[in-house]
Amino acid sequence: AGRCKKIDYESPFAGKIKLDGSWELATAIYFDKNEINWKRNTKRFDYVYKCKPRTYTPDFYLVNTDEYLEVKGYTTDLDIAKWNQFPHKLLVWNKNELKKMNIL
C-alpha cells in the first residue's frame, strides 16, 4: 500500500474513504455495482513474524458474509505468515482472480 496512490472514493455502503491504488478502487466499484455490503477495514490483527510481533490490516470487510478481503499483486513470506495466523475468514484476490471476475 505504501507504493500506491491514495484515492478518494465515496460508496453507498462504505461512505467516504481512501483506497490504496487502482486495484482497490476497481474492487470497491465492483462491490457497489453488485450491491455487496462492504466496509474499508481499519481493524488491526496481531501476528508474529520471525519472532517479532506485528499487526496486519486487511483491505476490506464484507459485512453480510463476515469475511475479510485482501487485494494483492504478489505474495511474500511475510504475507503467508500473516494470512496463516489470521483469526477470521480471509479471502485473497490476486491479479488473476480480479481478471477472472472482470474487476480488472
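The values are calculated or read from the model by the stated rules, or taken from the named source; none is laboratory data. None of these values were measured; they are calculated from a predicted model. Heads up, the Cβs are rebuilt from the backbone with ideal geometry, glycines too, and the neighbour counts pull from every protein chain shown. These area figures cover heavy atoms from the full protein model, side chains too; ligands, DNA and RNA do not enter into them. Shrake-Rupley method; radii C 1.70, N 1.55, O 1.52, S 1.80 Å.
A few points about this structure:
- Rounded to 10°, Cα long-axis angle of helix 22-33 versus longest principal axis of the chain: 50
- Probe 1.4 Å, protein heavy atoms only - accessible area per residue of the chain in square angstrom: 64
- Here the accessible area of segment 14-75 is 48 percent carbon and sulfur, with a 1.4 angstrom probe and all protein chains present.
- Sum of -39500 (n - 2.57) over DSSP H runs of 4+, divided by residues of the chain (222 nm, nearest 500): -7000 deg cm²/dmol
- Segment ILE17-LYS100, length gained on full extension (0.36 nm per residue, minus Cα span): 27.3 nm
- Added length on full extension, which subtracts the Cα-Cα distance from 0.36 nm per residue, TYR9 to ASP66: 18.3 nm
- Close amide H contacts of LEU91 (hydrogens built in the peptide plane, cut-off under 5 Å, sequence separation of 5 or more or a different chain): TYR68, LEU69, GLU70.
- Using a Gaussian network model of the chain in which every pair of alpha carbons under 10 angstrom is joined by a spring, one finds that among LYS33, LYS52, LYS89 the greatest mean-square fluctuation is at LYS52.
- A Förster radius of 22 Å combined with the Cβ-Cβ distance from THR75 to ASP46 puts the calculated FRET efficiency at roughly 0.60.
- Projected label distance in nm at HIS88 and THR55, using a 7 Å step from Cα toward the beta-carbon: 1.5
- Proximal lysines relative to LYS50, as straight alpha-carbon distance under 20 Å, when same-chain residues fewer than 8 apart are discounted: LYS82
- Normalised contact order of the chain, rounded percent, pairs of Cα under 8 Å and 6 or more residues apart: 19
- Toward the positive end of the charge dipole of the chain, with +1 on the Cβ of Lys and Arg and -1 on the Cβ of Asp and Glu, the farthest Cα among ALA26, ASN102, ASN64 is that of ALA26.
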